[in-house]
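The values are calculated or read from the model by the stated rules, or taken from the named source; none is laboratory data. Bear in mind the structure is a predicted one, so any value in this text is a computation, not a measurement. Cβ: placed from backbone, ideal geometry, glycine included. Neighbour counts: every protein chain shown. These area figures cover heavy atoms from the full protein model, side chains too; ligands, DNA and RNA do not enter into them. Shrake-Rupley method; radii C 1.70, N 1.55, O 1.52, S 1.80 Å.
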Amino acid sequence: MTGSESAQEFYGRWARLYDLIARRTPGIARLRERAAAACRLEPGDTVVEMGCGTGANLPFLREQVGPEGTVIGIDFTRPVLERAHAVTAEYDNVHVLQGDATQPPVDRGDVPGTDSGIDAVLATFVVGMLEDPAGAVDDWCDLVGSDGTVVLANAARSREWYAPPVNAVFRAIVVLSTPPTAQLRYETDPHLRLDEKIDAAHARLHERAVAVADETHIFGVVRLTGGRLE
Ligand SMILES: C[S@@+](CC[C@H](N)C(=O)[O-])C[C@H]1O[C@@H](n2cnc3c(N)ncnc32)[C@H](O)[C@@H]1O
């Protein structure tokens with residue numbers, strides 16, 4: 001089984017539980033609201049969410065673009081997409097597509113349901129699962145083009161003074177929430193490898209864009225970076 005097949009199998013099996021965590025973790029709704037705001041969207045804009053999972057961000061994005069805008073969620077795991085589809089069924093301008101976030105089924109100048117380009121890309125808790133996170137960020141920056149916005153949010157080890165107990169809990173969550181055949185799960189310190197990937201992705205966004213948001217949330221464990229392309 002390849003890494004991506006294993007991830008799909010894992011998230012597919014745990015879709016309902018993941019959805020509960022994705023919506024009910026203390027502080028997570030505020031983070032999703034901030035991430036959507038950092039996309040700097042205006043009514044009528046188009047936003048693409050990479051690895052949208054069960055769709056917890058999609059209503060926040062819909063709120064930003066309004067009824068005239070377009071929200072597209074992309075994920076490669078069918079059962080989580082079914083959940084995303086159900087929670088956004090009331091909106092006719094929110095679309096969920098099955099596809100690979102590293103080869104998204106959307107084109108810069110050709111977005112289904114709209115005649116404009118893509119104004120923003122959001123990816124929350126996704127880049128740590130990609131082979132080449134910095135490369136994916138490059139592609140997403142190219143996808144939005146000049147004056148577009150890319151926003152990343154990811155859980156990594158806390159650097160706050162109260163970090164040790166928070167990081168111990170974080171390490172356990174990383175092991176439990178990593179697909180069992182993924183290399184990460186068998187490494188002695190999977191959270192360090194995850195940190196490297198997340199650092200690489202956020203650093204690439206800083207290189208490519210002008211920062212519009214740089215924040216930490218949920219006891220310093222979640223990093224939010226937003227960048228506007230010039
Ligand atoms: C930890 S979940 C995060 C879901 C959502 N972004 C959220 O904030 O709740 C990671 C999601 O990324 C998806 N994913 C991972 N790699 C992907 C890829 N290459 N293409 C599309 N989806 C991917 C998984 O299927 C899973 O739904």
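Count of region 88-110 residues, restricted to those that are surrounded by 13 or more Cβ atoms within 10 Å (Cβ to Cβ) and among the small types (Gly, Ala, Ser), is 2. Just one of the listed residues (Arg34, Arg40, Arg83) is open to solvent by 50 Å² or more (accessible area, probe 1.4 Å), out of contact with any Pro (no Cβ under 8 Å at 6 or more places or on another chain) and modelled with pLDDT under 95, and it is Arg83.
Only one entry in Val65, Val121, Val71 is touching a Pro at 6+ places or on another chain (Cβ under 7 Å), at negative phi and either modelled with pLDDT of 95 or more or among the small types (Gly, Ala, Ser) (or both), namely Val65. For Thr25, are the conditions met, namely being near the ligand (Cβ under 10 Å from one of its atoms) and within 29 Å of Phe219 (Cα to Cα)? Considered against the rule, which asks whether it is near the ligand (Cβ under 10 Å from one of its atoms) and within 29 Å of Phe219 (Cα to Cα), Thr25 comes out as yes. Taking into account only those residues within region 46-63 that are out of contact with any strand residue (DSSP E or B) (no Cβ under 7 Å at 6 or more places or on another chain) and of a type outside the set (Gly, Ala, Ser), which is surrounded by the fewest Cβ atoms within 10 Å (Cβ to Cβ)? This residue is Glu63.
The listed residues are Val47, Val65, Val80, and the only one of them that is touching a Leu at 6+ places or on another chain (Cβ under 9 Å) and within 29 Å of Asp132 (Cβ to Cβ) turns out to be Val47. Please go through region 197-230 and give me each residue that is within 17 Å of the chain's Cα centre (by Cα) and of a type in the set (D, E, K, R), ordered by number. Across region 197-230, the qualifying residues are Lys197, Asp199, Arg204, Asp214, Glu215, Arg223, Arg228.
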